[in-house]
Every structure is written in C-alpha cells, then in structure tokens.
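**Student:** Here you go, one structure.
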Amino acid sequence: MSRPPIKPRRTWGRKFGDAFRGLWFGIVGQSSFAVHFAMAFAVMIAAAVFRVTETEWCLLILSIAVVFTAELVNSALEWITPAITQDYDRHIETALNVASAAVLMSSLGAAVIGGIIFGRHFLALLGGW
C-alpha cells in the first residue's frame, strides 16, 4: 500500500485563511444558509429584546453553531461528490441524504431549545395565556 503524499506544513495564518475560504464556499454553495442566517439573526434579536440569561445565550449560540456546522458538513459532501463520480451512485445518494438529515436534526433540536427558552417570554407577551 502506498503512502499518501505529504502535504507541506501550513502556518496558522494559512490554516485560518483556508478555514475562512471553506466557510465562504460552504455558504455560497448552499441556499439553505440564507434561511439559517435569517433565523440566527431573528434569534439574536429576540434574545436581546427578551434579555435572556447568560446560560440561555450560551445555549442559543451553541444551537446556532451546531446547525451551521451540520450545514457545512453537508456542503462539503455536496462539493466533493462530483469529484468522486458524475454517475449516479446509491451509496453517495444515501450519504448525502444522511448529511441532510443531520442538518434537519440539528435544526429541529435548535428549534426545540428556542421554544423552551422563548416560550415563557411569548406567553408573557400574550398576557400569561
């Protein structure tokens, strides 16, 4: 078995530059990011308006980060798929579906956390309904 080629060492600046470039390609490669950004912005505004606790802020930010991370992993798979094959492959289709499910699950989990955190605030707005 042959060894993979040795990659040249990268500086920390180069590593961060590559990561930000990857973030850019992940964002522009997925139209779903527009929805995720809009929801994240709405959550941040609501958290500020309702003056949530520090712990609640941490949970909200972590939830947003998990959704973005799942979307980036999904994007990475979608970017690499055409490099592997242009032909239909049921294994690749399944892998892409699983990655999409990861985005769905993280989004649902974030929505539940948001519902728990903001639920009491919205009920208070409705007069304690």
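The values are calculated or read from the model by the stated rules, or taken from the named source; none is laboratory data. Worth saying up front: this structure is predicted, and the values here are computed from it rather than measured. Cβ coordinates were reconstructed from backbone atoms using ideal geometry, including for glycine residues, and neighbour counts include every protein chain displayed.
**Student:** Scan region 1-49 for residues that are of a type outside the set (S, T, N, Q) and buried (at least 16 other Cβ atoms within 10 Å of the Cβ) and jot them down.
**Tutor:** Within region 1-49, the subset of a type outside the set (S, T, N, Q) is 1, 3-10, 12-29, 33-49.
If the condition is that a residue be of a type outside the set (S, T, N, Q) and buried (at least 16 other Cβ atoms within 10 Å of the Cβ), then GLY26, ILE27, GLY29, PHE33, HIS36, MET39, ALA40, VAL43, ALA46, ALA47 are the ones that fit.
**Student:** Hey, could you check region 45-73 for residues that are touching a Leu at 6+ places or on another chain (Cβ under 8 Å) and assigned to a helix (DSSP H, G or I) and say which is farthest from TRP24 (Cα to Cα)? Break it down into steps so the answer makes sense when it comes.
**Tutor:** Looking only at region 45-73, we keep the residues that are touching a Leu at 6+ places or on another chain (Cβ under 8 Å), and these are 47, 52, 72.
Cutting the leftovers down to assigned to a helix (DSSP H, G or I) gives us 47, 72.
Numbers: ALA47: 26, LEU72: 10 Å.
If we take residues in region 45-73 being touching a Leu at 6+ places or on another chain (Cβ under 8 Å) and assigned to a helix (DSSP H, G or I), then ALA47 is farthest from TRP24 (Cα to Cα).
**Student:** Has region 83-91 got at least one residue that is part of a helix (DSSP H, G or I) and in contact with a Leu (Cβ under 7 Å, 6 or more places away or on another chain)?
**Tutor:** So in region 83-91, the residues part of a helix (DSSP H, G or I) come out as 83-84, 90-91.
Adding the requirement that they be in contact with a Leu (Cβ under 7 Å, 6 or more places away or on another chain) leaves none.
Within region 83-91 (the criterion being part of a helix (DSSP H, G or I) and in contact with a Leu (Cβ under 7 Å, 6 or more places away or on another chain)), the answer is no, since none of the residues qualifies.
**Student:** Regarding ALA70, is this residue out of contact with any strand residue (DSSP E or B) (no Cβ under 9 Å at 6 or more places or on another chain), on the phi < 0 side of the Ramachandran plot and free of Cβ contacts under 8 Å to residues at least 60 places away in the same chain?
**Tutor:** yes
**Student:** On to the next question. Would region 64-71 turn up any residue that is out of contact with any Cys (no Cβ under 7 Å at 6 or more places or on another chain), closer than 23 Å to SER100 by Cα and surrounded by fewer than 15 Cβ atoms within 10 Å (Cβ to Cβ)? Even if it seems obvious, please write down each step before you answer.
**Tutor:** Residues of region 64-71 that are out of contact with any Cys (no Cβ under 7 Å at 6 or more places or on another chain), as a first pass: 64-71.
With closer than 23 Å to SER100 by Cα added as a condition, the list becomes 64-71.
Among the residues that remain, those that are also surrounded by fewer than 15 Cβ atoms within 10 Å (Cβ to Cβ) are: 65, 69.
Yes, that holds for at least one residue.
**Student:** Report, by residue number, each residue of region 82-111 that is without any contact (Cβ under 8 Å) to a residue 12 or more places away in the chain and either charged (D, E, K, R) or under 14 Å from HIS36 (Cα atoms) (or both). Walk me through how you get there before you give the answer.
**Tutor:** Of region 82-111, the ones without any contact (Cβ under 8 Å) to a residue 12 or more places away in the chain are 82-94, 97-98, 101, 104, 108, 111.
Those that are without any contact (Cβ under 8 Å) to a residue 12 or more places away in the chain and either charged (D, E, K, R) or under 14 Å from HIS36 (Cα atoms) (or both): ASP87, ASP89, ARG90, GLU93, LEU104, LEU108, ALA111.
**Student:** Name the residues in region 2-16 that are in a loop (DSSP other than H, G, I, E, B) and among the small types (Gly, Ala, Ser), would you?
**Tutor:** First pass over region 2-16, keeping only residues in a loop (DSSP other than H, G, I, E, B): 2-11.
Passing the criteria: only SER2.
**Student:** Taking the condition of being among the polar types (S, T, N, Q) and either at pLDDT below 95 or over 25 Å from GLY22 (Cα atoms) (or both), how many residues in region 40-80 meet it?
**Tutor:** Here is the first cut: in region 40-80, the residues among the polar types (S, T, N, Q) are 53, 55, 63, 69, 74-75.
Subsequent filtering for residues that are either at pLDDT below 95 or over 25 Å from GLY22 (Cα atoms) (or both) retains 53, 55, 74-75.
Summing the residues that are among the polar types (S, T, N, Q) and either at pLDDT below 95 or over 25 Å from GLY22 (Cα atoms) (or both) in region 40-80 gives 4.
**Student:** Still on this model: Do we have any residue at all in region 17-39 that's out of contact with any Cys (no Cβ under 8 Å at 6 or more places or on another chain), modelled with pLDDT under 95, over 20 Å from LEU108 (Cβ atoms) and not in a helix (DSSP H, G or I)?
**Tutor:** Scanning region 17-39 turns up at least one residue that is out of contact with any Cys (no Cβ under 8 Å at 6 or more places or on another chain), modelled with pLDDT under 95, over 20 Å from LEU108 (Cβ atoms) and not in a helix (DSSP H, G or I).
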